[in-house]
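This report refers to the structure that appears directly beneath it.
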Amino acid sequence: MKVAFFNSKKYDKKSFTERNMQGHELSFFEYQLHEKSALLAQGHDAVCVFVNDRLNKETLSILAEGGTKLIAMRCAGYNNVDLHAAKDLGLTVVRVPTYSPNAVAEHVLALVLSLYRKTPRAYNRVREGNFSLDGLIGCEIHGQTVGVIGIGKIGEIVACIFKGFGCRVLYSDIDESAFLNAQGMEKVDNEQLFNESDIITLHCPLLDATHHIIDSEAIGKMKDDVTIINTSRGGLIDTQAVYEGLKSKKIGHLGIDVYEEKGNLFFEDMSTEIIMDDLFMRLTTFPNVLITGHQAFLTTRALKNIADVTLSNISEFEKTGDCENQVTL
Ligand code: NAI
């Protein structure tokens, strides 16, 4: 199949070219996919897109008119696709439901440990020959109560890792996990999770029901000095409310790999630009905030798995017109 990649980075080109045993015809574009760039896909049977491409009705209509039949997401989330419009236009949407939940789960720990042990600050100090320990007093994870919201593939691993650190683990989900219950972890409602957790980590999808699940009301119910970690989707957090929570010292630490307005910032080198998002820039000045640019998934194993599953999704669709990893409404 002829496949147009949007938003493609060097690592995408490398992993997809190396794993393309099926001989698909791959074109790599660095542009983000949106209504203005969609014409580039003309004559391609499929487009391969990522989390920050904008697949609204207009973009999808241009793709369909240009002969595209398949939207192959090289990610798990699909909240950036208008699924109703895709269905109306006869476009099939497929995704990579899982590629390495461990990659994201381990990044949660990287964020918590870096915040708790202040390793970014220590690293910079030592490089400058400053061996003072002032301001480096850390916290321990052992003995903390951790609240995991969403215990799917990633959340379940996160829960087990924290259990291994000697934490009490609470979780909230629309489903119950017999596996986690058997390990002594407790299913609770969000209210109890907010009331009792020292660390709250988000692993549910971004849906209407979960949009701003962390807002000022939720923060008001949390323990003082709470740690909030979001590696899921930016829209789960009301950033303004979290900013206020940091200023009032209600929130002790914030670690985020995703940001509500990241479409305009993340995945690009903005180091020579003036960043216009004042809220984001203010967050970067807090010593107790650690932000990474949506890299939780980015491991060698995950890239290989993403390429393998995406290419096999495309082949399956080419052969059968269907795909087991199809996203349906
Ligand atoms: P999953 O689909 O396996 O699990 C999601 C869980 O959330 C399910 O157990 C579901 O029942 C639960 N859930 C749904 N609605 C809920 C609600 N209202 N309250 C509480 N729980 C609810 O998804 P997976 O693979 O574990 O991924 C979780 C999220 O991580 C994805 O939605 C995606 O946004 C994000 N992600 C981030 C990456 C990164 O690089 N930062 C990479 C991969 C995924």
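The values are calculated or read from the model by the stated rules, or taken from the named source; none is laboratory data. Given the structure is predicted, the values throughout are model-derived calculations rather than measurements. Don't worry about glycine lacking a Cβ; one is built from the backbone with ideal geometry, like all the others, and counts go over all protein chains shown. To get the accessible areas, we keep the full protein, side chains included, count just its heavy atoms, and leave off ligands, DNA and RNA. Shrake-Rupley method; radii C 1.70, N 1.55, O 1.52, S 1.80 Å.
Structure data summary
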read-out: Single unsatisfied condition, I141 versus (1) crowded, with 17+ Cβ neighbours inside 10 Å; (2) part of a loop (DSSP other than H, G, I, E, B); (3) within 14 Å of the ligand (Cβ to nearest atom); value: (3)
read-out: Matching entry among D82, D45, D53 (being in contact (Cβ under 8 Å) with a residue 12 or more places away in the chain, more than 30 Å from I141 (Cα to Cα) and within 16 Å of the ligand (Cβ to nearest atom)); value: D53
read-out: Unmet criterion (only one of (1) more than 16 Å from the ligand (Cβ to nearest atom); (2) open to solvent by less than 10 Å² (accessible area, probe 1.4 Å)) for N230; value: (1)
read-out: Among the candidates V126, V94, residue that is outside the structural domain of A218 (by TED's automatic domain parsing), away from the ligand (no atom under 15 Å from the Cβ) and β-branched (V, I, T); value: V94
read-out: Tabulated pairs, segment 184-195, first assigned by TED's automatic domain parsing to the domain that holds D215, second open to solvent by 70 Å² or more (accessible area, probe 1.4 Å), C-beta under 6 angstrom, 6+ apart or interchain; value: K187/E176
read-out: The lone exception for G147 - which of (1) open to solvent by less than 50 Å² (accessible area, probe 1.4 Å); (2) part of a loop (DSSP other than H, G, I, E, B) it fails; value: (2)
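Table: residues versus (1) modelled with pLDDT of 95 or more; (2) away from the ligand (no atom under 12 Å from the Cβ); (3) open to solvent by 10 Å² or more (accessible area, probe 1.4 Å); (4) among the charged types (D, E, K, R).
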{"site": "A178", "(1), (2), (3), (4)": "yes, yes, yes, no"}
{"site": "A182", "(1), (2), (3), (4)": "yes, yes, yes, no"}
{"site": "E186", "(1), (2), (3), (4)": "yes, yes, yes, yes"}
{"site": "L193", "(1), (2), (3), (4)": "yes, no, no, no"}
{"site": "T210", "(1), (2), (3), (4)": "yes, no, yes, no"}
{"site": "D224", "(1), (2), (3), (4)": "yes, yes, yes, yes"}
{"site": "A241", "(1), (2), (3), (4)": "yes, yes, yes, no"}
{"site": "E244", "(1), (2), (3), (4)": "yes, yes, yes, yes"}
